Every structure is written in structure tokens, then in C-alpha cells.
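Below is one structure, written out as C-alpha cells; comments come after it.
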Amino acid sequence: MSQPRAEPAPAVVQGFPEPVGDAPGPGLIEGSLDPAAMVIFGASGDLTGRKLVPALYSLFCHGGLPEPFVILGCARSRFSDDAWRQKMRRAVAGHGGLDLTAWDRFAARLFYQPLVYDQPGTYRELRRRLQELEDGHGTGGNRVFNLAIPPGLYSEVVSLVGRAGMSAEGPGGSPWRRLVVEKPFGRDLASARELSKAIAAGFQEHQVFRIDHYLAKETVQNVLILRFANAIFEPIWNRNYIDQVTIIAAESLGVEHRAGYYEQAGVLRDMFQNHMMQLLALAAMEPPPRYGAEPVRDEKTKLFRSLRPYPATNAGDYLVLGQYTAGQVDGRPVAAYRDEPGVDPASLTPTFALLKVMVDNWRWQGVPFFLVSGKRLARKVTRMLIQFKEVPHCFFRQVLGEHITANRLVLGIQPDETTSLTIQTKSPGARLGLRSVKMVFDYNADYRGPLLGAYEKALLNCMQGDQMLFWRQDGLELTWGLLDPVLHACERCQDRDQQLQPYAAGGWGPEAARRLLSLWPEAAK
């Protein structure tokens, strides 16, 4: 019988200094990282230049990469090593906020290998080149494979990596091999299972790192700390004291350059199956027995199992869908979704959704969770709003009336990284009166060091083998199981065009959202 794998210790990230001259800064992490090579599929694409290489360069500048470490880019485009280095330099220079003083030292680690994604012979060439780099730089055979490619290519690329013999780990997991998968993880439950089957042919679950960059945000990680490290919150974090919970991820941007993807995905696949479900899990999960990747992900899975199935009738009591029309954002006119480049003029793709979710367990029975996300809304804001119940008895009614505004806790994720608690106090003056006041905490207050970006944190955790901030397959299947009926209701129904409600860009979505969620749009302002 095989022995269970030891779970890696959680990463301990310290504040780190700015780079000095052309030398990487010291001590981003406690301990050391194993030497490794990273293979980036889709190395000529947008994700690589916009997110991955800037994040890797930033880690390098602050001592957050292994030594030695090499990066091998792969794509259909034919580049020499030097040509790809120059392309990545331009991408990092355009990123903003990164000092290029150390670029030449970093670029010496960058290499490129042309690859045709559906041709097995090119994977054998990739394997030879990778082996040469590993032998020449002494990386020990540890590998990270990063899929920065269209989701339709995931299964084929992973399969051919496995068939080329590049994914198998050594005895006891040394050297190790890891796979980074970007969302979306399928289009529905069936395709998510097919993708899982393809991945499992070459990689075991402990090797798979499914990125959800929301989980790597500082303020998202802080939700568990706030809940479980403060005795004033945990005893009241339940149905006895909380009336409802609203989780918002609003964007003022439209589809921008992603119309081709968004037309196929829509807001439910783009935001709800991944980011919104993870935020829901952090807000509602039970405390794990200890802090570690598997105990935390176990509790998330338990929460996902407790979600009430989407109802077959009265769907309007649980779901509002919308699509933005022409309007104004920040004082400038913007086009309707159907007029965006690359969008079908008769598109029925939703750009706004409000989903009411019920959690059928002891802690949350009867408490509604409202998940709201949309494009071209009045402003960019991601937050959790915990609405507490009103006081059970008002002995001030003779002087104040029956109603006293309930307490409200707001956890700001982005761009407002603040936590605020609204309480009632006496108004100054001779007469008895109430006023609502806020106690506010700025997450970055009194912190002077730089912060890890979401991709930097995710990549660092992958190299450490810590899966805390990544999806596990059982959680994926459970969330797709919840959303499959929702997608069926909004995509395959006969009156789909009637369910999709228009809203002006720059506003707060369809009017029906206000009827389903009484706090909307106040909760987002």
C-alpha cells in the first residue's frame, strides 16, 4: 500500500525590499525553493506577456524564484531565444511599475521552442530541448507546465505532454512535475469531467494547480483570518444573527478584447463558477481543523455539497440576467454589448447576473446569499456585505419609532481594500436620536513593504507545492453541478430573449435586480 503524501507546509510570505542595482532582492520567502524549469505553452500570447512573465520577473527581482531556474516558452509562432526575450522585455516594460534594471540577468533564463500543439513530434523536440536546459543549468528535473493557451487546447496539450514522458514524477515525487491550468475549467459539468479525465491521463491530482487568481488576492485571503482569528465575529457568524449575505464583483469595463471568449462564456461561466463560488465558500465554510491546503479545501467541498439545487419552478425568484445597452461610463459614451467588435448583433449572451443561493446546513439554514456580477456597471467594486438582523426588541420605540438600522459588515476586496462595520450611536445634542457610523480599517494601513500581486502569489505557491489557493476537482464538479441547471434555464429555454433584460451601461443593472435584492444597488455604492 502506498504511503499518503505529506502535505507541504503553508507558504510564509514576508515583506520584501526593493531591488538594489541589478541584483535580486533577498528573502521573499522563508526557506528555499527547489531548482526548477517552467514551460509556458502559449508563450507568444496575451496572458504570457500581460500576466505571467511580468509576475515571474517581479518575483526574480525580489528573490522569489528558485536558483537555478529557467523558463522555456512554447507556441506556434517561430521565435529565436533572443527574439522572444525582446518581445517579453517590451511586455514587461509596458506593464508599468517594474524596474528593468535586472532584466538582462532575468532574460538569460528565458528560452524559446516552437511547437505545433497537435503534432506529437514537436513534443519530442520539446522534451530534448528541455532536457538540455535542465542538464545545462542544473535544475534537477523539477518542472512546472503552464497552460497559457485557449481552453479548447488543454486536453490535447496535456495528453501529448504525458505521452512524451514529460509529466511522470520520480520515486517519492522527486523530481516533481506540476501543471498550472487557467480558467475556465470546462463549459459545464460534462466538459469539466472530460477535461479532468484528460489531465488525469498524464498528471495526478496533487500535481494539478487550477488557478483562480481571486484566491491569491490579499483581501480575499484575509476573509478567513477575519472570521476565524477574531472571537467577536465567529460566535455571531450564523443564521441566528445574520439576515443575508451579498457578494459583489462589478466591473465598469465592457468585454474589451475578449469578445470571442465572452460570447461563448457569458457572465455565469466567466465569473460565477469560479470567482464567485470561491468567495461564497470563504464567507460560508466551516472552520477547518487546521490551516492547510487539504483541510481548507475539504471544508469548501462540504459547503458546495450543501448548496440547494437550482429550482425547477419560480426561477425568477432566484435569478436575474441582463445585457448592457449603450450608455455612459465615467462621463464618456460607450457602445451596447451587441455593438462591440466581435459580438453577434443578435447576441443573447448575459453580461449581468444576480443569483440567489441557499445553503442547506445547520449554520446557514434560511439565510440567502446573493451573488452579483456584471460588466459596464457604474463602477468597479468587489466586496462582501454581511447584513445582520435587526435588534429583536426596540425599547426606544416611544422616542425613535419601531425601526433601528441593522449592523452591517463590509469586506472590501478591490479596489477599496477596507473593512467597515456600521453601528448605531446616539446623535449629539439634547434630544435622543440615532445615527449610523462606520468603524473602518484600511487593509494596507501601517504596512510599508510592497505587496505580492495575485499571479506572483499563485506562481510562488505552485513552485512551493502548496495547493491552498487552487481548485480541487471535486469542488469544480460540485459547483458545475449547481450551475448546470442555471445555464440550462438561461441558454436553452424558449423565451431566452425575454429573460435577458437590458440595462444601460453605467448604471447598476436591470430593474428586476432591485426587486430580488432590496439592498441593490446600495450594497455596491
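Output the residue which, of all residues in segment 341-361 that are part of a loop (DSSP other than H, G, I, E, B), of a type in the set (A, V, I, L, M, F, W, C) and in contact (Cβ under 8 Å) with a residue 40 or more places away in the chain, is surrounded by the most Cβ atoms within 10 Å (Cβ to Cβ).
Within segment 341-361, the match that is surrounded by the most Cβ atoms within 10 Å (Cβ to Cβ) is Val343.
Please enumerate the residues belonging to segment 208-239 that are small (Gly, Ala, Ser) and farther than 21 Å from Met276 by Cβ.
Correct list: Ala229, Ala231.
If you go through segment 128-149 one residue at a time, how many are among the acidic types (Asp, Glu) and either touching a residue at least 12 places away in the same chain (Cβ under 8 Å) or touching a Phe, Trp or Tyr at 6+ places or on another chain (Cβ under 7 Å) (or both)?
1
In segment 174-187, which residue that is over 22 Å from Ala43 (Cβ atoms) and under 18 Å from the mean Cα position of the chain (by Cα) is surrounded by the fewest Cβ atoms within 10 Å (Cβ to Cβ)?
Taking the candidates together, the pick is Arg187.
Identify, by number, the condition in (1) of a type in the set (A, V, I, L, M, F, W, C); (2) in a helix (DSSP H, G or I); (3) over 28 Å from Ser32 (Cβ atoms) that Phe79 doesn't meet.
Among (1) of a type in the set (A, V, I, L, M, F, W, C); (2) in a helix (DSSP H, G or I); (3) over 28 Å from Ser32 (Cβ atoms), Phe79 violates only (2).
From the set of residues in segment 198-214 that are within 19 Å of Met166 (Cβ to Cβ) and of a type outside the set (A, V, I, L, M), which is modelled with the lowest pLDDT?
Filtering first and then ranking leaves Gly202.
For every residue, the table says whether it meets (1) modelled with pLDDT of 95 or more; (2) touching a Lys or Arg at 6+ places or on another chain (Cβ under 6 Å); (3) outside any loop (DSSP other than H, G, I, E, B).
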| position | (1), (2), (3) |
| --- | --- |
| Gln3 | no, no, no |
| Glu7 | no, no, no |
| Gly31 | no, no, no |
| Val39 | yes, no, yes |
| Leu47 | no, no, yes |
| Leu52 | yes, no, yes |
| Leu59 | no, no, yes |
| Leu65 | no, no, no |
| Leu98 | no, no, no |
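Within segment 189-234, which residues are within 16 Å of Arg472 (Cα to Cα) and not in a helix (DSSP H, G or I)?
Result: Phe203, Gln204, Val208, Phe209, Arg210, Ile211, Asp212.
Anything in segment 238-257 that is part of a loop (DSSP other than H, G, I, E, B), surrounded by fewer than 20 Cβ atoms within 10 Å (Cβ to Cβ) and out of contact with any Gly (no Cβ under 9 Å at 6 or more places or on another chain)? List them, or say none.
Asn238, Asn240, Tyr241, Leu253, Glu256
Does segment 271-315 hold any residues that are of a type in the set (D, E, K, R) and crowded, with 23+ Cβ neighbours inside 10 Å, and which are they?
Result: Lys300, single match.
For residues that are outside any helix (DSSP H, G or I) and buried (at least 17 other Cβ atoms within 10 Å of the Cβ), tally how many sit in segment 107-137.
Adding up the residues that qualify gives 8.
Among the residues of segment 255-278, which ones are in contact with a Ser or Thr (Cβ under 6 Å, 6 or more places away or on another chain) and closer than 20 Å to Ile149 by Cβ?
Matches in segment 255-278: Glu263, Gln273.
Taking the condition of a type in the set (Lys, Arg), surrounded by fewer than 14 Cβ atoms within 10 Å (Cβ to Cβ), over 19 Å from Ala283 (Cα atoms) and modelled with pLDDT of 85 or more, does Lys438 pass?
So Lys438 passes the test.
Would it be correct to say that Val208 is surrounded by 18 or more Cβ atoms within 10 Å (Cβ to Cβ) and either within 16 Å of Met285 (Cα to Cα) or in contact with a Cys (Cβ under 8 Å, 6 or more places away or on another chain) (or both)?
Spelling it out, it is not the case that Val208 is surrounded by 18 or more Cβ atoms within 10 Å (Cβ to Cβ) and either within 16 Å of Met285 (Cα to Cα) or in contact with a Cys (Cβ under 8 Å, 6 or more places away or on another chain) (or both).
Answer yes if at least one residue in segment 303-324 is more than 25 Å from His488 (Cβ to Cβ), among the small types (Gly, Ala, Ser) and out of contact with any Leu (no Cβ under 8 Å at 6 or more places or on another chain), and no otherwise.
Within segment 303-324 (the criterion being more than 25 Å from His488 (Cβ to Cβ), among the small types (Gly, Ala, Ser) and out of contact with any Leu (no Cβ under 8 Å at 6 or more places or on another chain)), the answer is no, since none of the residues qualifies.
Going residue by residue through segment 376-395, is there one that turns out to be in a strand (DSSP E or B), small (Gly, Ala, Ser), at pLDDT 95 or above and under 33 Å from the mean Cα position of the chain (by Cα)?
No - not one qualifying residue is present in segment 376-395.
In segment 320-336, what residues are in contact (Cβ under 8 Å) with a residue 12 or more places away in the chain and either in a strand (DSSP E or B) or under 16 Å from Ala378 (Cβ atoms) (or both)?
Result: Val320, Leu321, Gly322, Gln323, Tyr324, Thr325, Ala326, Gly327, Gln328, Val329, Asp330, Val334.
The values are calculated or read from the model by the stated rules, or taken from the named source; none is laboratory data. All values reported here derive from a predicted model rather than from experimental measurement. Cβ atoms come from the backbone with ideal geometry, glycine included; neighbour counts cover every protein chain shown.
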